[in-house]
Amino acid sequence: MIAADPVSRQAQRLLQAGEIDRAAQLLSGAAQRGDPDALHELALWHVYGNPVPRNFAVARALFERAGAAGHRGGALTHAVFVAMGAGGPADWRQAVALLDAAAQKDPVARHQRELIAAMTLDTDGSPAGVPAIEVQSASPRVGVVRALFTPAECAHVIELSRPRLQPSIVVDSRTGREAPNPIRTSEGTVLGPIQQDLVVHALNLRIAAASGTRVRQGEPLSVLRYAPGQQYRLHHDCLPGEANQRTSTLIAYLNDGYAGGATEFPAASIAFRGEIGDAVLFANTIDDRRVDERSRHAGLPVTSGEKWVCTRWIRAHDFDPWGAYPA
């Protein structure tokens with residue numbers, strides 16, 4: 001006997017056929033009956049505002065119901081919403097309690113809980129302390145943060161990202177459009193609010209503390225894998241015509257066992273290759289928010305093994321990540 005397609009998949013087919021009302025009726029009816037996949041899919045609709053109005057409070061409630069109905073992703077995303085304050089007040093302790101409850105039955109949640117238990121955190125999830133910045137250059141401003149992440153945290157980011165990898169893209173400096181480009185030959189993914197978990201949220205809070213910024217200024221964590229011969233040629237991280245500019249960047253190194261792949265700042269005569277968990281932090285702009293051309297940098301070619309890094313681009317003001325990165 002062939003099992004019927006999940007209601008969420010049926011609704012997606014109706015959407016693709018342009019039958020929005022039928023899709024919404026089908027999904028809403030199943031959600032009202034407590035179908036976990038329908039509850040989760042309807043929550044995503046409300047997150048991205050398509051094909052229903054964006055409403056984080058509704059999405060948060062639907063993720064909670066999906067988790068209670070047995071949907072793993074719903075339970076874990078509900079915890080992230082509570083930690084971030086999406087659709088309701090932020091409450092780190094409640095988010096951890098939700099993860100504790102999920103960990104009773106879910107080994108994925110249990111692993112996340114173990115990683116968080118090993119962190120020294122304040123009551124809001126921020127780190128109790130971070131390593132000092134070792135200044136490498138004053139112009140461009142480049143510093144190193146040793147052991148910002150633990151090896152176990154680095155391994156978690158890699159494994160969370162591995163199944164999501166896609167060929168990397170760049171932002172065209174003339175048009176502002178994103179597209180593949182031979183300047184950047186890695187594979188990557190973005191851990192946006194739906195893809196991330198409480199561990200990644202805690203790491204984003206740690207990056208904010210290390211960089212002296214608010215966590216809401218950071219774009220979602222971008223994870224890259226470089227195979228032998230792959231590289232990111234000389235570039236700067238600023239975006240063309242952007243009012244809320246990327247004023248700084250933090251790159252954390254997630255593994256060892258590779259050769260080559262240093263991050264080079266030619267203007268400062270620096271080529272840095274971090275140990276597992278080390279990070280390099282640098283400014284992309286000068287005081288008046290103009291591009292600091294001396295901040296141009298390159299990810300040199302990997303000559304053997306695989307290089308994994310994660311990048312957090314930090315904006316001048318708070319950044320809205322919700323519409324930029326689909327589920």
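The values are calculated or read from the model by the stated rules, or taken from the named source; none is laboratory data. All values derive from a computational prediction rather than experimental measurement. No Cβ is skipped: glycine too gets one built from the backbone with ideal geometry, and neighbour counts run over all protein chains shown. Protein only, heavy atoms only, side chains kept; ligands, DNA and RNA dropped before computing areas. Shrake-Rupley method; radii C 1.70, N 1.55, O 1.52, S 1.80 Å.
Let's see how each residue does on (1) at pLDDT 95 or above; (2) closer than 19 Å to G299 by Cβ; (3) acidic (D, E):
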| residue | (1), (2), (3) |
| --- | --- |
| P163 | yes, no, no |
| V170 | no, yes, no |
| T175 | no, no, no |
| N181 | no, yes, no |
| R206 | yes, no, no |
| R214 | yes, no, no |
| S222 | yes, yes, no |
_Criterion: open to solvent by less than 50 Å² (accessible area, probe 1.4 Å) and touching a Pro at 6+ places or on another chain (Cβ under 6 Å) - qualifying residue of H71, H78_ = H71
*Having 1 or more residues that are under 16 Å from L221 (Cβ atoms) and modelled with pLDDT of 95 or more is the bar; report the strands (runs of 3 or more DSSP E) wholly within region 271-327 that clear it.*
279-283, 307-315
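Condition check ((1) in contact (Cβ under 8 Å) with a residue 60 or more places away in the chain; (2) open to solvent by 60 Å² or more (accessible area, probe 1.4 Å); (3) under 29 Å from G241 (Cα atoms)) across all residues:
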residue	(1), (2), (3)
T263	no, no, yes
A279	yes, no, yes
R290	no, yes, yes
S295	yes, no, yes
*Quick check: is even one residue across region 103-120 in a helix (DSSP H, G or I) and in contact with a Pro (Cβ under 7 Å, 6 or more places away or on another chain)?*
no
*Just give me the residues in region 265-274 being within 24 Å of the chain's Cα centre (by Cα) and open to solvent by less than 20 Å² (accessible area, probe 1.4 Å), in sequence order.*
G274
*Take region 83-93 and flag every residue that is surrounded by 13 or more Cβ atoms within 10 Å (Cβ to Cβ) and either aromatic (F, W, Y) or assigned to a helix (DSSP H, G or I) (or both).*
A83, M84, W92
*Do we find a residue being farther than 20 Å from G87 by Cβ and out of contact with any strand residue (DSSP E or B) (no Cβ under 6 Å at 6 or more places or on another chain) anywhere in region 49-71?*
yes
*Residue check for H40: in contact with a Gly (Cβ under 6 Å, 6 or more places away or on another chain), surrounded by 22 or more Cβ atoms within 10 Å (Cβ to Cβ), without any contact (Cβ under 8 Å) to a residue 24 or more places away in the chain and part of a helix (DSSP H, G or I)*: no
*Do any strands (runs of 3 or more DSSP E) entirely within region 197-261 hold 1 or more residues that are aliphatic (A, V, I, L, M) and more than 17 Å from the chain's Cα centre (by Cα), and if so, which?*
232-235
*Consider E41 carefully, then state whether it is under 16 Å from V200 (Cβ atoms) and over 19 Å from the mean Cα position of the chain (by Cα).*
no
*Find the residue count for region 47-59, including only residues that are modelled with pLDDT of 95 or more, part of a helix (DSSP H, G or I) and open to solvent by 30 Å² or more (accessible area, probe 1.4 Å).*
3
*Does region 104-119 contain at least one residue that is buried (at least 16 other Cβ atoms within 10 Å of the Cβ), closer than 25 Å to G29 by Cα and either without any contact (Cβ under 8 Å) to a residue 24 or more places away in the chain or out of contact with any Cys (no Cβ under 8 Å at 6 or more places or on another chain) (or both)?*
no
